[in-house]
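Enquirer: Next up is a structure, given as structure tokens.
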Amino acid sequence: MANPALVLFVMGFVAAPLLGAVLFQLPNTLSALIGLALAVFIASALALYLQERSALASLAALWTGWVLAVVMVAQALRRRLPGAANSRWTKRGALLACALPWFGLALAQMMD
């Protein structure tokens, strides 16, 4: 079994931005936003379901929900703020935000 800190690091700085970049390929439509909202709900419910069974799987589902929520908010902003420059900066900010939970986990471990 891999070291949990290494798994979380890879999830935070590799998998999460890659998933975010893939999700940005979705069309910027209302139906895509509704689909992302539904996916956030499903990921959250899955995290709650897995909480007692596997902490790492629950954390992965929670992190997936975070990435989905970040992309959903960024897509909504891109709909409201037209223009190539706004779209570019919104996408960059969202991809950076995908890694934010890692800093919270690292801070929690430092305080322990």
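We did not get these values from a lab; they are worked out from the coordinates using the rules stated. Everything numeric here is computed off the predicted structure, so don't read it as measured data. Quick reminder, even Gly has a Cβ in these numbers, built from the backbone with ideal geometry, and neighbours come from all protein chains shown.
Enquirer: Of the numbered conditions (1) in contact (Cβ under 8 Å) with a residue 24 or more places away in the chain; (2) crowded, with 19+ Cβ neighbours inside 10 Å, Leu105 satisfies every one except a single condition; which is it?
Expert: (2)
Enquirer: Name the residues in region 16-50 that are surrounded by fewer than 17 Cβ atoms within 10 Å (Cβ to Cβ) and under 11 Å from the mean Cα position of the chain (by Cα), would you?
Expert: The answer is Leu18, Ala21.
Enquirer: Here's something else I'd like to know. Whether any residue in region 80-87 is in a helix (DSSP H, G or I) and touching a residue at least 24 places away in the same chain (Cβ under 8 Å) is what I want to check.
Expert: So far as region 80-87 goes, no, none of its residues is in a helix (DSSP H, G or I) and touching a residue at least 24 places away in the same chain (Cβ under 8 Å).
Enquirer: Only one residue in Ala60, Ala47, Ala76, Ala43 is more than 18 Å from Met11 (Cα to Cα), in contact (Cβ under 8 Å) with a residue 12 or more places away in the chain and either in a loop (DSSP other than H, G, I, E, B) or out of contact with any His (no Cβ under 9 Å at 6 or more places or on another chain) (or both), so which one is that?
Expert: Ala76
Enquirer: Then there is this: Quick check on Leu95: is it surrounded by 14 or more Cβ atoms within 10 Å (Cβ to Cβ), in contact with a Gly (Cβ under 6 Å, 6 or more places away or on another chain) and among the aliphatic types (A, V, I, L, M)?
Expert: Against the criterion (surrounded by 14 or more Cβ atoms within 10 Å (Cβ to Cβ), in contact with a Gly (Cβ under 6 Å, 6 or more places away or on another chain) and among the aliphatic types (A, V, I, L, M)), Leu95 qualifies.
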